[in-house]
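To start, the structure under review is shown below, and the notes come after it.
Each reported figure results from applying straightforward, stated rules to the coordinates on display, with no laboratory input. No experiment lies behind these values; they were computed from the predicted model shown. Ideal geometry is used to build each Cβ from the backbone, glycine not excepted, and the neighbour counts take in all protein chains shown.
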Amino acid sequence: MVRTPEDYLGKTVRMEGPLAVYEANPALGIDYFYTVVIQDATACCQQGMEFIWPEGTLPEAGTGLVVTGTFAEYDCGGLPSYHIVADTVEITA
């Protein structure tokens, strides 16, 4: 997904990890970026996968989540960016 995101467009994905919240640049028209932090198989490295959840309210940062939704592209200040459009967000811890 990191190297060839276009291969995953429109596919349903599921990710699990803690919620991380980052302030966005106000010029983008977005207040915050919401991500799930995903560990690799050896837990030495991590990647944050951005998501949006139009239907719900999110818990505080650090809360464990399982997010399921569709991988999609969007314009972020003139640059192509990718996120998960969440269908469900479940709290795990």
Tell me, what HN-Hα J-couplings in whole Hz come from the Karplus equation 6.51 cos²θ - 1.76 cosθ + 1.60 at θ = phi - 60° for each residue of region 48-64, using x for Gly and Pro? x, 9, 5, 8, 10, 9, x, 9, x, 9, 8, x, 6, 4, x, 5, x
Quick one: net charge of LYS11's neighbours, Cβ under 13 Å, K/R +1, D/E -1? -3
For region 67-75, in residue order, the Karplus 3J(HN,Hα) values (coefficients 6.51, -1.76, 1.60; θ = phi - 60°; whole Hz; Gly and Pro = x) are 10, 10, x, 9, 6, 9, 9, 8, 8
Which ³J(HN,Hα) values, rounded to whole Hz and listed in residue order, are derived for region 13-26 from phi using the Karplus coefficients 6.51, -1.76 and 1.60 in 6.51 cos²θ - 1.76 cosθ + 1.60 with θ = phi - 60°, glycine and proline given as x? 10, 9, 9, 9, x, x, 6, 10, 10, 10, 5, 9, 6, x
